[in-house]
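As structure tokens, the structure follows; a few thoughts come after it.
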Amino acid sequence: MNIADGYLCAKDFGASGSEFTTTAEATAGSNVFLLEDVGDFQVGQEVELRGCNPFVASFNLWGPMGYHGHYVDITDEVQVRGWDGSNGTHTVYFIDFDSRNPGVFRWSNDFARTWSEEVPITYGWQKLSAGVEIKLKELPCWAEGRVITIAFRNSLVGKIERIDGNRLTLNVAAATSAQCIIRHSDTMALQACIDAAVAEKKNVFIPNGHYRLSKSLCVNNPTSITIQGETATNVLLDIGEGDIGIIPGDIATLVSEKQGAGTRAQAGACIVLNGGLEVNIRDMSMRGGMGFDQRDQAGHMITKGASGVWGFYFCKSNALAVWSTQRVRVNNCHARHMSAECFYCCSQSRTADEEPACYTKLLVYENCSVEDCARNGFNNNDYAENTQILSCRVRHVGGDSWEGSSRYVVIKNSYFRDCGAIACGNLRRRDEVMERLGTGQHVIADNVFESSCKYGNFPNTMPMINASACATQVIIRNNTFVNFNSRAIRLKGDTGKNDLPAGNIIVTGNSFNMTAINEPTDYRYAIHISTPDTTISDNQIYVNGDTDTNVTAIQLRDDAIRVNIHDNTIVGCGKGIETICCPGKVGEVLSDRQFVWRGIPPLPRRRSHLYRGWKMHMQNGDMITLDSVDADTGIFTLAEDYNLVSGEMFDLTPPDPCWRIHDNIIADCEQPLDMESLCGDRAFMRDNAIN
């Protein structure tokens, strides 16, 4: 194929694109390897050997419980020795200490699918498996609860210096004597081509081939570059068995750095974009290290000694990682078998008053696909602007299809099946500045969602579209849900202490076929509403055949104020329109007039009602009027003295929910209207046709 002017060809820099693999005999301490077949290896090429270089890739101490995601590198708290590599070339051990059961630990080497339970702590060398032994220092932290993670690898990357018959001489030596696997690694050649293209302000052409990567390809501060594959189905960047990432790094620290990225956090991505002005990536496929059937192992691990330990931290693979590059377009690129976020962005951010020198202003994915992956499909874990997912396909993805705390997102004309939620928001910040410019603005339009939402270990219980955690100005329109046996849309006002509640949402013109096909029917709703300022209109929600009592068409919670539900057609559901109570819980009692918020009800935005005049309906039948809540401290103040009890539950209602429910058609539902909540009988209802 002729290479266009302005392009550098990866082959000219020594990239092989070869799938050739053979066995090699390695001798400890020697850089000479005896091959079964030399094949197409050439002097100067990079190769990877698996099985002759066992080492500890990461060694970390997590916890205690409640400090989400907190870890430190182990220094002298624990010693480890003896891994022989007999249980694979990449093995992770998890040693879990439960504060409720001190004096023992449990351990797993299959990402928490199975555990060896209640191993007594001896403070001597203790055997695990595959030759691994650990020795704990006598410290109080084991009784407090902790998790130790040890990631082992058994690989060696080197450059061919000489070929004599079937003897290869490399620039690195084997650590152990072993029969190992040797194959091409094209990282060095591809990186040289990219670096030259950036320096010369040219583009990169990658011919058809299977390009194994030992580590990420980095594009540093490009002015303008296009990385072009010859054909999308025949150009494969494969990092599945390369130097996959260990531990994600501190994102808050990384985005404050000049380039917005650190080597530790970027490890595992096929391509990393560090800053720069403009990048186009076209016509290629990328492969990582964990598939859809491993979504439980890549997800959040249920440990007893620490919280926030995710499996993909220890085998991280992404297709693309973008760090504050201003304009990025990704066209006809396809990700498979990724353990972490396939297409990921983390950017510095502008505020209502300031704009950084470099941040992501445009990020477009078009005609791309994500299939057979353990975690998220698309992810903006930041405040990048103008992300567009257009005409893409997402199937068999174990995490979110899209997780977006970024601004001004458009998801259109795409197809989603058996994959996780489209999560709008997920910001984990409630700073005052976030109320001025906002974030999580989404338009989700003209897409098809088929079958169900399968998120990690929670299939069918998560919603397909989830607007929460700071999301605002969300429009969900003209989408089609086909044979949907999961919760479809959740508009979630109640969020944690680190989030602003979602609001200002329009759901219109969608078609929900909530029929369960060839599987047992699960409890589900088409639309749940606990957000203020929400319009639900002109939707069709139905079940084919017999009425399905597990389906609720529209569920409305008492704290959702200024809600307009009109001109919807609802057929064959267990419940047509249902209202439910809004629960609350008294936290620490400060006085007869004040208590601290305890997670529910939602902690409001500063520019909101602040619960002025809202009613607390206590379990003993008392009704208390709230004066207000401090949106920063979470302290609720009552209008009058009351004998509060910490931990007591109550239901919360607004002075006027201002619900308008009119001109809907509800037919063949077991309960067309279930309005039994505290606000249910206060809705303004007219001209609803109920069969």
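The values are calculated or read from the model by the stated rules, or taken from the named source; none is laboratory data. Note that the structure is a prediction, hence the values are computed from the model and not measured. Because the Cβ atoms are built from the backbone with ideal geometry, glycine has one as well, and the counts that use them run over all protein chains shown.
The residues listed here are W142, W83, W107; of these, the one that is over 30 Å from M290 (Cα atoms) and buried (at least 17 other Cβ atoms within 10 Å of the Cβ) is W142. Of all residues in segment 645-657, exactly one satisfies the criterion of being under 12 Å from V563 (Cβ atoms) and either β-branched (V, I, T) or modelled with pLDDT of 95 or more (or both), namely P654.
Just one of (1) surrounded by 15 or more Cβ atoms within 10 Å (Cβ to Cβ); (2) among the aliphatic types (A, V, I, L, M); (3) at pLDDT below 95; (4) not in a loop (DSSP other than H, G, I, E, B) fails for I3. It is (4).
Can you pull out every residue in segment 530-559 that is in contact (Cβ under 8 Å) with a residue 40 or more places away in the chain and in contact with a Phe, Trp or Tyr (Cβ under 8 Å, 6 or more places away or on another chain)? Those that are in contact (Cβ under 8 Å) with a residue 40 or more places away in the chain and in contact with a Phe, Trp or Tyr (Cβ under 8 Å, 6 or more places away or on another chain): A553, L556.
Picking from residues in segment 383-405 that are in a strand (DSSP E or B) and surrounded by 24 or more Cβ atoms within 10 Å (Cβ to Cβ), the one that is modelled with the lowest pLDDT is G404. Taken as a whole, segment 220-239 holds at least one residue that is charged (D, E, K, R) and surrounded by 15 or more Cβ atoms within 10 Å (Cβ to Cβ).
For N331, the criteria (1) buried (at least 24 other Cβ atoms within 10 Å of the Cβ); (2) without any contact (Cβ under 8 Å) to a residue 60 or more places away in the chain hold in every case but one, which is (1). Confirm whether D84 is under 14 Å from T149 (Cβ atoms), charged (D, E, K, R) and part of a loop (DSSP other than H, G, I, E, B). No: the conditions fail for D84.
Checking each residue in segment 185-204 for being more than 19 Å from G276 (Cβ to Cβ), under 31 Å from the mean Cα position of the chain (by Cα) and either assigned to a strand (DSSP E or B) or of a type in the set (A, V, I, L, M, F, W, C) (or both) picks out only M188.
Considering segment 350-382, and only residues there that are among the aromatic types (F, W, Y) and buried (at least 24 other Cβ atoms within 10 Å of the Cβ), the residue that is nearest to the chain's Cα centre (by Cα) turns out to be F378. Only a single item in (1) in contact (Cβ under 8 Å) with a residue 60 or more places away in the chain; (2) closer than 30 Å to G29 by Cα is not met by R81, and it is number (1). Taking the numbered list (1) in contact with a Ser or Thr (Cβ under 6 Å, 6 or more places away or on another chain); (2) over 17 Å from G240 (Cβ atoms); (3) crowded, with 18+ Cβ neighbours inside 10 Å; (4) not aliphatic (A, V, I, L, M) in turn, G299 passes all entries but (1).
Condition check ((1) hydrophobic (A, V, I, L, M, F, W, C); (2) within 16 Å of I160 (Cα to Cα)) across all residues:
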{"residue": "S30", "(1), (2)": "no, yes"}
{"residue": "F33", "(1), (2)": "yes, yes"}
{"residue": "E46", "(1), (2)": "no, yes"}
{"residue": "R50", "(1), (2)": "no, yes"}
{"residue": "N53", "(1), (2)": "no, no"}
{"residue": "L61", "(1), (2)": "yes, no"}
{"residue": "Y67", "(1), (2)": "no, no"}
{"residue": "D76", "(1), (2)": "no, no"}
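Exactly one residue out of L590, L610 is closer than 20 Å to D494 by Cβ and of a type in the set (A, V, I, L, M, F, W, C): that is L610.
Would you check which residues across segment 330-377 are among the β-branched types (V, I, T), in contact with a helix residue (DSSP H, G or I) (Cβ under 6 Å, 6 or more places away or on another chain) and in a strand (DSSP E or B) and list them? None - no residue of segment 330-377 is among the β-branched types (V, I, T), in contact with a helix residue (DSSP H, G or I) (Cβ under 6 Å, 6 or more places away or on another chain) and in a strand (DSSP E or B), so the list stays empty. Residues in segment 672-691 that are in contact (Cβ under 8 Å) with a residue 60 or more places away in the chain, part of a strand (DSSP E or B) and either of a type in the set (A, V, I, L, M) or in contact with a Gly (Cβ under 7 Å, 6 or more places away or on another chain) (or both): P672, L673, I690.
From the list D418, D431, D353, the one residue that fits, being in contact with a Ser or Thr (Cβ under 7 Å, 6 or more places away or on another chain) and among the acidic types (D, E), is D418. I'm checking my understanding of the structure. Among residues of segment 604-649 that are of a type in the set (V, I, T) and not in a strand (DSSP E or B), which one is surrounded by the most Cβ atoms within 10 Å (Cβ to Cβ)? By that ranking, first place goes to V645. When segment 117-128 is filtered for residues that are in contact with a Lys or Arg (Cβ under 8 Å, 6 or more places away or on another chain) and over 15 Å from G305 (Cα atoms), the ones remaining, listed by number, are Y123, G124, W125, Q126. Candidates R593, R607, R612: the one that is within 35 Å of the chain's Cα centre (by Cα) and among the basic types (K, R) is R607. The one condition from (1) surrounded by 15 or more Cβ atoms within 10 Å (Cβ to Cβ); (2) in the same structural domain as V56 (by TED's automatic domain parsing) that G165 does not meet is (1). Here are some residues: E117, E138, E161. Which one is farther than 22 Å from N87 by Cβ and part of a strand (DSSP E or B)? Exactly one residue qualifies, and that residue is E161. Among the candidates S224, S214, the residue that is within 16 Å of V328 (Cβ to Cβ) and touching a strand residue (DSSP E or B) at 6+ places or on another chain (Cβ under 6 Å) is uniquely S224.
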